[in-house]
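The values are calculated or read from the model by the stated rules, or taken from the named source; none is laboratory data. Worth saying up front: this structure is predicted, and the values here are computed from it rather than measured. No Cβ is skipped: glycine too gets one built from the backbone with ideal geometry, and neighbour counts run over all protein chains shown.
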Amino acid sequence: MPAALPSKLGPASLLHQSTMKLFIGLLLCSWVLGVSSEGWLSFIGEAIQGTRDMWRAYSDMREANYKNSDKYFHARGNYDAASRGPGGAWAAKVIR
């Protein structure tokens, strides 16, 4: 059985390499997709607001306590969240 070759790179160097690979990958993806920091910030804000819309619809459903009313409140939450923009639509899709 062959012996393991000693690594010339220490743990700190390997961590640095993986961090650089992650950074370069994110940079290239952002460049290819044409994403600006402003776009990401608005997306995240819309997603947070959409999540609040979904939570508000759920809370209203629990408060109303009517039998078979879940479809209405679910649809209302999805509509409110999706009307926020792409981030809200994403949140509505994920939460469903």
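Looking at Gly88, Gly45, Gly25, can you tell me which residue is touching an Asp or Glu at 6+ places or on another chain (Cβ under 6 Å), outside any loop (DSSP other than H, G, I, E, B) and at pLDDT below 90? First the steps, then the outcome.
On the way: Gly45 fails: touching an Asp or Glu at 6+ places or on another chain (Cβ under 6 Å); Gly25 fails: touching an Asp or Glu at 6+ places or on another chain (Cβ under 6 Å).
Just a single option satisfies the conditions, and that option is Gly88.
Right, Ala75: in a helix (DSSP H, G or I), exposed (fewer than 14 other Cβ atoms within 10 Å of the Cβ), modelled with pLDDT of 75 or more and aliphatic (A, V, I, L, M) or not? In short, yes. Residues that are under 15 Å from the mean Cα position of the chain (by Cα) and not in a helix (DSSP H, G or I) within segment 51-72 are absent altogether.
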